[in-house]
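Q: Take a look at this one; I'll ask things after.
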Amino acid sequence: MLARRFVAVLLLMAASHAAAAQPPPSSRLGIVQGKVLDARTGQPLRGVQIRLAGTAHAVTTDPAGHFRLERVAAGEYVLMASVVGYGLVRRPVGIREGVTLQVDIVLSEGIGTYEERVDVVAPLFERTEPGTVGETTIGNADLLNLRGLVADDPLRAVQVVPGVASSDDFTAEFSVRGSSPRDVGIVLDGVPAASVLLHAVEGRDDTGSIARINSDVLDRATILVGSYPQRYGGRLGAQLELATRPGSRDRVHVRGVASTVTAAVVAEGPLAARRGAWLASVRQSYLDWVIRALDEDSTSWLDFTDGLIRLDLDLSGRHQVSLMATGGRSHLEEKNPNPGANSLHDGVAHGGLVVAGLRSQGASFLVSQRAFAMSNRFTNTREDGEELGSGRRFDAGYRVDAVRSISGRTSLEFGGQIHWLSERQAVWAYDRRRPGQRTADEQVNVSWVEAGAYGQVRWEPRDTSSLTGGARLDRNTLTGDTAVSPWTQVRLGLARSIAVTGGTGVYRQVPLPVQVAGVHGGRDLLGLERAWHADAGLEGALGTRARWQCAVFSRSEAHVVWAEGLEPRRVGGAVVVPRPGAVYENRLDGSSRGVELIVHRRDAGGVSGWVGYAYARTQYRDTITGERFDGDWDQRHTINAYGNVRLTSKTMAIVRYRYGSNVPLKGYYTDTHQVDDEGLPVFVAGPARNAARLPVYSRLDLRLNHVFHVGRRRLTLFVEVINVADRTNAGPSGGRRVEKLLPFIPAAGFLFEF
């Protein structure tokens with residue numbers, strides 16, 4: 001009996017001790033676990049840092065994307081998910097005693113905001129047009145990695161895309177398959193917008209340019225290089241489609257970005273009880289201040305400002321309205337100690353675009369309507385205030401696009417657009433021997449209408465194969481032409497992830513207003529410029545993370561507008577100056593043929609990027625004189641390479657490399673095979689057009705991104721070295737002159753996320 005009482009006392013004491021050892025209910029421990037996925041592909045992300053703000057609880061995700069935080073005291077916390085190259089996620093969580101909380105997180109590349117779920121799991125290599133042989137889409141993360149800290153330009157990011165050629169560091173323009181930048185269409189949020197997307201000095205072709213839009217507000221850029229569907233039309237060459245991203249619907253996000261030459265603020269947040277969202281950005285350069293501070297002898301300064309706002313609102317489950325407005329101002333100031341009669345002192349340009357949209361969808365259809373207006377103005381003056389040139393271009397219109405599913409394997413797409421356009425421009429040339437006397441170097445004042453409609457049918461007998469056929473009808477009052485442009489595409493999936501693609505089509509382009517109604521305008525032009533594309537490609541997978549592609553192409557051009565006699569040339573022993581009576585005519589036929597090779601890899605936790613090689617030969621023939629010459633943008637060999645790798649969850653390394661055999665020095669020049677005091681080639685007037693070429697271009701850039709966590713905020717530091725090898729590259733500088741391009745330049749910047 002005594003033994004039983006002793007045992008009972010011991011048990012009672014043990015129970016009392018255990019009860020005393022238990023924490024009070026308010027501090028009972030819990031567990032947080034979950035998985036982190038890529039928003040676009042649904043792939044698990046490894047190496048993501050997961051932590052509870054204000055505590056010591058922190059882990060990184062395993063190769064399957066899983067994480068687990070144990071022994072967490074009950075309470076309210078902010079769960080943070082961070083990895084370099086992806087947007088920062090801050091999510092409120094409540095920990096309860098003895099409960100395991102399951103939290104799955106979706107991260108968006110770049111500076112994208114938090115997503116509740118993965119709506120559509122996209123393939124690693126996204127294709128918007130299954131039958132287009134040459135298509136590359138780069139997302140927000142790659143745009144940010146490629147834009148560069150010195151220029152901070154999304155169009156310069158596109159210059160590194162396989163098949164794209166650009167050998168001038170000072171301009172954002174680029175060429176594809178030997179076609180000129182003017183032949184490349186640029187579309188922003190479904191509206192052709194090439195005329196308003198550049199900070200540049202208008203009326204002069206010897207100055208640089210930079211994009212008038214911030215990379216931080218873009219969701220993606222897609223470039224289509226041959227035989228693509230002509231929803232927009234109006235271009236002989238490739239098409240670049242830029243899409244802005246919608247704002248965040250979960251909470252307000254603010255980011256401050258600063259680089260070597262610009263600073264920007266990007267803000268976004270929910271609208272109307274999360275039925276919509278807003279996004280706003282403003283960017284200001286301080287390049288002129290940097291130049292003035294570092295180089296007292298500098299004679300040229302550029303500054304610019306631009307901004308964007310986007311609003312999205314769900315009217316119902318089927319209808320959504322949107323508004324996007326972007327614009328900017330640029331100012332170039334030059335100080336010449338010995339100014340000439342036509343020396344530029346101030347160049348000011350303003351431009352902007354407004355797009356209002358309505359998107360309606362049903363079970364089997366989608367309709368998008370857009371009304372838009374854009375304007376671009378410029379004024380150039382001498383030091384004495386006399387005008388060197390001024391102009392204004394205005395464009396307003398409406399377009400509609402619709403997609404209708406006819407059956408499970410067949411879809412119909414159609415749409416149309418109408419533009420009202422006007423352009424006024426005057427560029428003056430002053431006579432140095434007669435002060436105050438000037439003549440019109442270029443002058444135009446014209447208004448016209450462009451209207452077009454398209455339709456195409458796509459049949460997909462299986463997931464890896466498709467057949468597309470379509471046509472476009474265009475009418476313009478500038479030249480009075482009506483034209484039909486058909487196209488067709490085919491994609492055939494074979495075994496082992498190999499596919500054969502092919503396409504052909506006719507593409508047309510309206511001449512420039514100055515070519516029709518300017519000083520040298522050809523008012524009796526024969527018609528639109530025309531190009532016939534033919535493409536064939538073979539592509540396949542390299543394991544589960546990479547793909548390869550080989551393509552051959554041919555582009556034949558006819559009725560290309562050109563004015564013989566506007567360029568100085570050497571005839572015999574004398575230099576013949578431009579003829580005042582020269583006029584623009586449809587007098588050139590041309591061809592561009594070549595091959596493109598691409599290897600592309602995507603790995604959220606490993607090495608991602610591409611290597612692309614392109615060979616192209618572009619030539620033209622004057623159908624009146626029989627003269628033959630290489631195209632102005634004929635670059636025979638092009639190599640573009642880009643790669644990034646996450647070294648840790650906080651550090652990413654990036655490499656960019658561009659090589660080009662380079663383009664002709666446009667005009668009638670001869671290479672003397674001599675160099676000046678700066679080591680640049682010397683050219684003189686010659687008898688043959690485009691016979692002299694700029695020296696080979698080669699540039700290697702390296703960059704490092706590193707993340708620092710500051711409480712609930714995140715700071716990303718960017719360090720970049722441009723032209724690592726300090727190679728002397730040369731670009732055109734007007735006439736027969738060339739100039740040095742960017743030397744070895746170290747640069748730095750940061751992104752602070754509030």
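The values are calculated or read from the model by the stated rules, or taken from the named source; none is laboratory data. Quantities reported herein were computed from a predicted structural model and do not represent experimental measurements. Please note that ligands, DNA and RNA were not included when accessible areas were found on the heavy atoms of the full protein model with its side chains. Shrake-Rupley method; radii C 1.70, N 1.55, O 1.52, S 1.80 Å.
Q: Could you name the lysines whose alpha carbon sits less than 20 Å from that of residue 335, not counting residues in the same chain fewer than 8 places away?
A: 740
Q: Evaluated at 20 °C with a viscosity of 1.002 mPa s, what Stokes-Einstein diffusion coefficient in µm²/s does the chain have when Rh comes from the Kirkwood expression over alpha-carbon pairs?
A: In µm²/s, the coefficient is 75.
Q: Relative to 2.2 N^0.38 Å, what does the C-alpha radius of gyration of segment 542-646 come to as a ratio? Two decimals please.
A: With N residues counted in segment 542-646, Rg over 2.2 N^0.38 Å equals 1.64.
Q: Projected area of segment 621-697, taken from the Cα convex hull and averaged over every viewing direction, in nm²?
A: Its average projected convex-hull area is 8.1 nm².
Q: Then there's this: Over the Cα atoms of segment 29-70, what is the Rg over Rh ratio if Rh follows Kirkwood?
A: Rounded to two decimals, Rg/Rh equals 1.01.
Q: Convert 37 °C to kelvin, take the viscosity as 0.692 mPa s, use the Kirkwood radius over C-alpha pairs of segment 624-669 as Rh, and evaluate the Stokes-Einstein diffusion coefficient in µm²/s, rounded to a whole number.
A: The diffusion coefficient I find is 231 µm²/s.
Q: Considering only protein heavy atoms and a probe of 1.4 Å, how much of the accessible area of segment 378-457 is carbon and sulfur, as a whole percent?
A: The C+S portion of the solvent-accessible surface of segment 378-457 is 50 percent.
Q: Once you have the Kirkwood Rh of segment 172-253 from its Cα pairs, apply Stokes-Einstein at 4 °C and 1.567 mPa s and quote D in µm²/s.
A: Estimated via Stokes-Einstein, D reaches 91 µm²/s.
Q: A follow-up question, please. Per 5 Å bin, what percent of the C-alpha pairs of segment 444-591 does each bin hold, from zero upward?
A: Whole-percent P(r) values from 0 Å outward: 2, 8, 13, 13, 13, 11, 10, 9, 8, 6, 4, 2, 1, 0.
Q: Quick one: what are the phi-derived ³J(HN,Hα) couplings along segment 407-424, Karplus 6.51/-1.76/1.60 with θ = phi - 60°, whole Hz, x for glycine and proline?
A: Working through the residues one at a time gives 8, x, 10, 10, 9, 10, 10, 7, x, x, 8, 9, 10, 10, 10, 8, 9, 10 Hz.
Q: For residue 73, which sequence-distant residues (separation of 5 or more, or a different chain) have an amide H within less than 5 Å of its own amide H, given hydrogens modelled in the peptide plane?
A: 30
Q: Hey, any idea what % of segment 525-620's accessible area is carbon plus sulfur with a 1.4 Å probe?
A: Of all accessible area on segment 525-620, carbon and sulfur atoms account for 63 percent.
Q: Can you list residues whose amide H is under 5 Å from residue 276's amide H, if they're 5+ apart or on another chain and H is modeled 1.01 Å from N?
A: Counting only residues 5 or more places away or on other chains, the set is 271, 314.
Q: Could I ask something else about it? Carbon and sulfur together cover what percent of the accessible area of segment 304-374 at a 1.4 Å probe radius?
A: Reported share for carbon and sulfur atoms: 58 percent.
Q: Give me Rg/Rg_expected for segment 327-442, where Rg uses Cα atoms only and Rg_expected = 2.2 N^0.38 Å with N residues.
A: Rg over 2.2 N^0.38 Å, computed on Cα atoms: 1.73.
Q: Excluding residues fewer than 8 places away in the same chain, name every one of the lysines whose C-alpha is closer than 28 Å to that of residue 650.
A: 35
Q: Two decimals is fine: what's Rg over Rh for segment 157-201, C-alpha atoms, Kirkwood radius as Rh?
A: Reported Rg/Rh, Kirkwood definition of Rh: 0.95.
Q: Return the Rg/Rh value of segment 497-576, two decimal places, where both radii are evaluated on C-alpha atoms and Rh is the Kirkwood radius.
A: Ratio of gyration radius to Kirkwood radius for segment 497-576: 1.27.
Q: Could you do me a favour and compute the accessible area per residue for the chain, 1.4 Å probe, result in Å²?
A: 44 Å²
Q: Now for a separate question. Using amide H atoms built in the peptide plane, which far-off residues or other-chain residues are under 5 Å from residue 662 H to H?
A: 636, 637, 697
Q: Something else: What are the ³J(HN,Hα) values, in whole Hz, obtained from phi via the Karplus relation 6.51 cos²θ - 1.76 cosθ + 1.60 with θ = phi - 60°, for each residue of segment 461-467 in sequence order, with x given for Gly and Pro?
A: Ordered by residue, 3J(HN,Hα) equals x, 8, 4, 9, 9, 7, 9 Hz.
Q: For segment 659-737, build the convex hull from the C-alpha positions and give me its volume per residue in Å³.
A: So the per-residue hull volume is 124 Å³.
Q: In whole Å, what are the extents of segment 558-601 along the principal axes defined by its C-alpha atoms, from largest to smallest?
A: Largest first, segment 558-601 extends 54, 27, 17 Å along its Cα principal axes.
Q: Also, quick follow-up: Relative to the longest principal Cα axis of the chain, at what angle does helix 2-21 sit, 0 to 90 degrees, rounded to 10?
A: Between helix and principal axis, roughly 20 degrees.
Q: So what's the back-of-envelope 222 nm ellipticity for the chain, counting only DSSP H runs of four-plus at -39500 (n - 2.57) apiece and dividing by all residues, rounded to 500?
A: -1500 deg cm²/dmol, from helical runs alone.
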